[in-house]
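The values are calculated or read from the model by the stated rules, or taken from the named source; none is laboratory data. What you see is a predicted model, and the numbers here were worked out from it, not measured in a lab. Because the Cβ atoms are built from the backbone with ideal geometry, glycine has one as well, and the counts that use them run over all protein chains shown. Ligands, DNA and RNA are stripped out before the accessible areas are found, and what is left, the full protein with its side chains, is counted by its heavy atoms. Shrake-Rupley method; radii C 1.70, N 1.55, O 1.52, S 1.80 Å.
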Amino acid sequence: MASVCLLVGVSIAAAQSPVTMGGVTAPPGTVVSGTLTVAARPGDDGTAIPFSIINGTRPGPVLALVAGTHGVEYPPILALQRLRTAIDPKTLAGTVLMVHVANMPSFLKRTIYYGPTDGKNLNRVFPGKKDGTLSERIAEVITREIIDRATHVIDIHCGDGNEWLRPYSYWVVTSAPAVVEASRQMALAFGLDHIVIDTERPTSPGESVYLANTAETRGKSGVTVESGGWGQTDEASIARIERGVAGVLRQLKMRAEGPDPVTAPVWLGPNEVLRTKFTGLVYPVVEPGQTVAKGALVARVTDFHGKLLQEIRSPYAGEVLYVVATPPITEGEPVGYVAERVSGPEWRPKK
Ligand SMILES: [Zn+2]
């Protein structure tokens, strides 16, 4: 009898629990989808956030995968459509929570950067506000329902509809040391070969601003990844995300199999989003992935009659990570992003 009791005890200890969210429950070993509601308030109709729960058969981490924070960033959204069926809950430890389209108003109205209702950038309003504008309320629901449930978060981006980009990830180093180290492991496991060491994210959970930073300021590991852009739906950008998620699932021991981590990535330290002082047309003169000298011309901005207004030059000898590659440009907006190579992950800016 003693051995039977022991076996029962072991099986209870190792059992995965059902996961309930948004009014649906995923028992262990199942995939269940549902919709989180962002309620209407005066001024807008609210919105819906489609999600899936892939619940494993053994306990383990809760990995949140968020796509569509910016609605014209398609490879992340398409990669999650595939991963929903590719991740087998029967062989999974822990749980994968997927947000298929975080910013539904932006997706359906095809707006870059900003939500169509309130003109706010969803990835600048975290952790959100219950009584705020639509973007702020989307952020609040994602913080409460997804990030608060997760142990690890991947915010999956690409260049927005106007941005031509080479793949890279952001590794935030301003959170607690254990979170920083676990996040570094996630960035390596995701496998993108260029990693920006981000030293400037806010440290307060109440002012986390960015989605992944909302996880990190709450003691969870996270990474923001970029693959694809320019409104494209290319196979290479989608496949890179699928591979990256598979790498993180292996690294977190949620699955036995998976691709190897990147072993010798390019670490990028000093970095700057280059912005224009003018409204008009932008003409990039470099390509993403290109190496530029300090002072090299990155883009020209002209007025609507073609007169040159500004030449934008690189402040670093470094690499171009993205350029704005469609003509419209408004004062203060990005025209490109340049970062400087550093020796390794230990790099920090001089005080
Ligand atoms: Zn984005």
TODO: Taking H placed 1.01 Å from N in the peptide plane, check which residues at least 5 places from Gly222 or on another chain put their amide H under 5 Å from its amide H.
DONE: Val153, Ser183
- [ ] Determine the dipole magnitude for segment 276-330: charges of +1 sit on the beta-carbon of Lys and Arg, -1 on that of Asp and Glu, nothing else is charged, the reference point is the Cα centre, and the result goes in debye to the nearest 20.
- [x] 160
TODO: Please report, as a whole percent, how much of the solvent-accessible surface of segment 46-127 comes from carbon and sulfur atoms (probe radius 1.4 Å).
DONE: 57
Task: Kirkwood Rh in Å, taken over all unlike Cα pairs in segment 132-248 - done: 14.6
Task: Sulfur and carbon atoms: percent of accessible area, segment 271-323 [1.4 Å] - done: 52
TODO: Equivalent ellipsoid semi-axes for the chain, as square roots of 5 times the alpha carbon gyration tensor eigenvalues: give them largest first, rounded to whole Å.
DONE: 37, 24, 17
Open item on the list: If you fit an axis through the alpha-carbon atoms of helix 177-190 and take the longest principal axis of the Cα set of the chain, what angle between them do you get, 0 to 90°, nearest 10?
Closed with: 80
Open item on the list: Suppose a student asked you for the relative contact order of the chain, using Cα pairs under 8 Å spaced at least 6 residues apart; what percent would you report?
Closed with: 14
Task: Extended-chain gain in nm, criterion 0.36 nm per residue less alpha-carbon gap, Trp347 and Arg144 - done: 69.7 nm
Open item on the list: I need the Debye-formula profile for segment 118-198: one equal scatterer per C-alpha, no solvent, reported as log10 I(q)/I(0) at q = 0.17, 0.20 1/Å, two decimals.
Closed with: -0.87, -1.08
Task: Heavy-atom accessible area per residue - segment 58-106, 1.4 Å, Å² - done: 26
TODO: Would you mind checking which residues have amide H under 5 Å from Glu163's amide H? H placed 1.01 Å from N; only 5 or more apart, or other chain.
DONE: Trp230, Gly231, Ala325
Open item on the list: Counting heavy atoms of the protein chains only and a 1.4 Å probe, report the per residue accessible area for segment 125-238 as a whole number of Å².
Closed with: 31
Open item on the list: Compute, for segment 16-167, the length of the dipole vector about the Cα centre, with Cβ point charges of +1 (Lys, Arg) and -1 (Asp, Glu) only. Units Debye, rounded to 20.
Closed with: 240
- [ ] Would you work out which of Ile238, Ile329, Gln185 lies farthest towards the positive end of the dipole of the chain, given +1 charges on the beta-carbon of Lys and Arg and -1 on that of Asp and Glu, about the Cα centre?
- [x] Gln185
Open item on the list: As a test of the formula, what do you get for the chain when each DSSP H run with n ≥ 4 contributes -39,500 (n - 2.57) and the sum is divided by the residue count, at 222 nm and rounded to the nearest 500 deg cm²/dmol?
Closed with: -6500 deg cm²/dmol
TODO: Summarise the long-distance tail of P(r) for segment 228-345 by giving the % of C-alpha pairs beyond 26 Å.
DONE: 37
- [ ] Determine how many Å³ per residue the convex hull of the Cα atoms of segment 74-217 encloses.
- [x] 122
Open item on the list: With +1 assigned to the C-beta of every Lys and Arg and -1 to the C-beta of every Asp and Glu, and no other charges, what is the dipole magnitude of the chain about the Cα centre in debye, to the nearest 20?
Closed with: 480
Task: Accessible surface of segment 202-243, 1.4 Å probe, proportion on carbon and sulfur as whole % - done: 48
